[in-house]
1. Give the value in nm², to one decimal: projected area of the alpha carbon convex hull of segment 584-669, averaged over all directions.
2. Determine the dipole magnitude for segment 395-490: charges of +1 sit on the beta-carbon of Lys and Arg, -1 on that of Asp and Glu, nothing else is charged, the reference point is the Cα centre, and the result goes in debye to the nearest 20.
3. For segment 410-473, what is the convex hull volume of the alpha-carbon atoms per residue, in Å³?
4. Under a plain spin-label model, where a point goes 7 Å from the Cα along Cα-to-Cβ, how far apart in nm are Glu649 and Met73?
5. What is the dipole size for the chain, taken about its Cα centre, with +1 at each Lys and Arg Cβ and -1 at each Asp and Glu Cβ, in debye to the nearest 20?
6. What span do the alpha-carbon atoms of segment 253-381 cover on each of the three principal axes, reported in whole Å from largest to smallest?
7. What is the sum of charges around Thr67, taking Lys and Arg as +1, Asp and Glu as -1, for the other residues whose C-beta is under 13 Å from the C-beta of Thr67?
8. Report for the chain the percent antiparallel among DSSP-assigned beta bridges with both residues inside it, nearest 5.
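What follows draws every value from the coordinates through simple rules; no lab data is involved. For clarity, every value in this text was computed on a predicted model and none was experimentally measured. Reconstructed Cβ throughout: ideal geometry from the backbone, glycine too, with neighbour counts over all protein chains shown.
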Amino acid sequence: MKGIMMSSQNNYRRLSRSEREALENRGCDAQNWDEIYVLEGFNPNSVRNVHFHGKVEIGNFNDKIKTIRGIEMPCGIYNAVIADCSIGDQVRIANIGVHISNYDIADNVCIENVATMQTNPGATFGNGVEVDVLNEAGGREVVLFDGLSAQFAYIMCMHRYRPEVVTKLKAMAKKYAQSVRSDRGKTGRGVRICSTTEIVDVNVGSYATINGAASLVNGTILSSREAPTTIGAEVVAEDFIIAESSSVTGGAVLGKVLVGQGCQVGKQYSAENSLFFANSEVFHGEACSVFAGPYTVTHHKSTLLIAGLFSFYNAGSGTNQSNHMYKLGPVHEGKLLRGVKTGSFSYMMWPCRVGPFSVVLGKHSGTFDTADFPFSHIEARPDGKAHMVPGLHLMTVGTVRDGAKWPSRDRRRGSVKRDVISFDVFSPYTVGKMLIASSKLKNLYESTEKSIEEVSVGGAIVKRPILRTGQKYYRTGVEMYLLEKVVLRVEENIGSGTLRIRDAFAVQADVVYSDQWVDIGGQLMGKQRLVDLEEAIENGTISTVEAFAAETDKIHHAYADDEWIWVKNTYQQVFGLDLDGASKDDIIKCAQAYLKVKSKFLNLVIADSEKEFDQLSHCGFGQDGSEGDIEEDFKQVRGSYEDNKFVKEMKDSVKELQQRIELLEQRLSSL
């Protein structure tokens with residue numbers, strides 16, 4: 001909200017006698033006319049029925065402006081009480097029921113049919129508010145400020161085992177909040193505000209639209225020409241930050257809430273003590289003490305998200321959780337790691353942790369921890385116990401489609417993208433978990449007597465034969481990822497008739513190796529990067545919110561190099577080959593192995609997508625027609641398997657892969 005542009009001129013002067021008389025003749029009065037200042041060229045005919053209180057500075061109104069409805073109306077001030085305000089050029093203020101008080105209003109702003117708009121002394125505009133995230137009973141508070149990123153909030157919330165880090169992050173946030181403390185609010189250039197009852201202690205960014213809101217109290221609305229923000233009808237918000245490119249509409253009710261960049265909130269959604277980061281979509285339901293990382297999606301009236309950590313998440317209708325066991329109150333937490341889906345009427349009793357890209361179905365009456373088992377299928381049995389098939393969703397069409405859709409659905413606009421987001425489905429984070437899961441499954445299978453039909457894995461039940469099936473799934477995923485990274489590296493470095501293997505597989509000098517990787521609010525990084533970041537916070541090297549943001553950006557830019565050294569080390573562990581000593585024949589074998597495993601993966605995805613077109617999918621089509629009308633009705637509505645865009649892309653991918661590997665083999669053979 002810094003640097004809001006006011007009138008380009010600052011040569012204000014007091015009213016002339018004739019201007020004052022003209023204003024009085026048009027129904028205006030003032031507590032003290034000597035405190036009313038105007039610019040040269042001021043036209044009193046553009047002001048009517050206005051009471052001025054305190055010091056007021058007025059720009060020039062010699063043009064028309066488009067209202068929120070797109071109708072051109074004359075600039076000026078009509079039927080209003082204006083107290084201690086500065087008003088820029090070409091502004092329209094009309095029909096203010098109570099007053100506009102203590103606001104700096106930039107150029108080209110239109111404010112109509114507003115009851116109250118005021119700033120109280122010492123306002124911080126939502127900055128500095130503490131939000132009880134994840135644990136309703138407290139202990140994981142996050143301090144709001146208008147530069148808050150998912151990474152900053154995640155560490156402040158989740159890493160309470162490093163109290164000095166948390167203390168210093170809180171201090172940075174509080175210091176920032178103090179820097180924006182003011183007795184006057186601001187509306188940026190080009191703002192449109194209409195039919196709103198109450199705006200108190202709210203800063204409004206440039207080109208934002210507020211249309212029909214009920215009550216906005218103690219908040220900041222970030223907005224710009226490139227990334228405008230919209231607040232719609234009947235919205236009630238208190239203690240909030242709403243970021244650029246977002247929309248909060250349809251009677252949403254927010255209390256102690258951050259709405260991140262590119263988010264959509266509406267259709268009577270209710271949220272308290274919650275954070276929603278980039279590109280989240282929340283409609284109809286309810287959230288309480290939720291940490292909603294990037295791309296958290298919930299669209300249904302009966303869905304309650306409570307005391308949970310989510311990201312890249314999709315909640316089915318009726319999804320619900322319990323965060324207490326009726327003993328010490330609502331103190332339990334749940335963590336659904338990136339990419340999890342919950343089916344309709346899924347219920348979980350916290351505490352629980354679910355591994356990345358897993359699917360959870362049914363009503364679970366027990367707790368479980370499957371964090372190290374990504375891509376799993378977890379379904380409640382009739383007795384409420386969780387039954388798990390590890391790795392089942394590795395080769396499903398939904399997982400592949402999700403990985404492709406998220407980058408294309410980034411609604412953030414403008415030059416600043418506050419949350420650092422890593423979109424990769426397969427990464428050292430998920431593949432590392434696959435390696436851990438495979439080892440655990442192998443040990444369980446070998447140590448379990450054949451007479452035992454089921455074993456418990458982190459509180460979830462797994463049938464003994466599935467222990468081997470899970471290993472197979474994970475082995476496929478690990479090999480595909482590692483082989484693909486090596487092949488891509490060779491393709492990028494092979495020249496016209498030359499390839500220096502050692503150079504192709506070299507690592508950067510400033511790379512940081514970590515065996516373990518973490519997901520910090522949607523950003524993937526090596527564990528050592530996180531350790532270094534937190535040590536820099538503790539020792540004061542990082543002491544401002546700006547320095548924190550710069551460091552997470554730096555880590556993000558180093559992602560590919562850090563990933564490569566992890567791949568290189570893990571490849572040797574899995575395949576027993578040091579890539580630095582690889583021969584041409586070794587690389588050809590690698591390419592052939594990659595073709596085999598990737599083709600198998602793509603064909604399994606294609607086969608999974610074909611289920612969407614089988615005879616069971618035809619159920620209900622051809623209503624009231626004959627038997628022969630079923631196929632045609634289905635085709636008209638759903639299309640055909642052969643013509644489906646996704647299926648075509650997958651089949652094309654198989655062909656392109658074959659061509660790539662053939663070309664690579666030819667080029668390698670000719671070296």
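1. For segment 584-669, averaging the hull's shadow over all directions gives 6.3 nm².
2. Computed about the Cα centre, the dipole is about 460 debye.
3. 117 Å³
4. Placing both labels 7 Å beyond Cα along the Cβ direction yields 4.6 nm.
5. Dipole magnitude for the chain comes out near 560 debye.
6. So the extents along the principal axes, rounded to whole Å, are 35, 33, 22.
7. So the surrounding residues net to +3.
8. 15 percent
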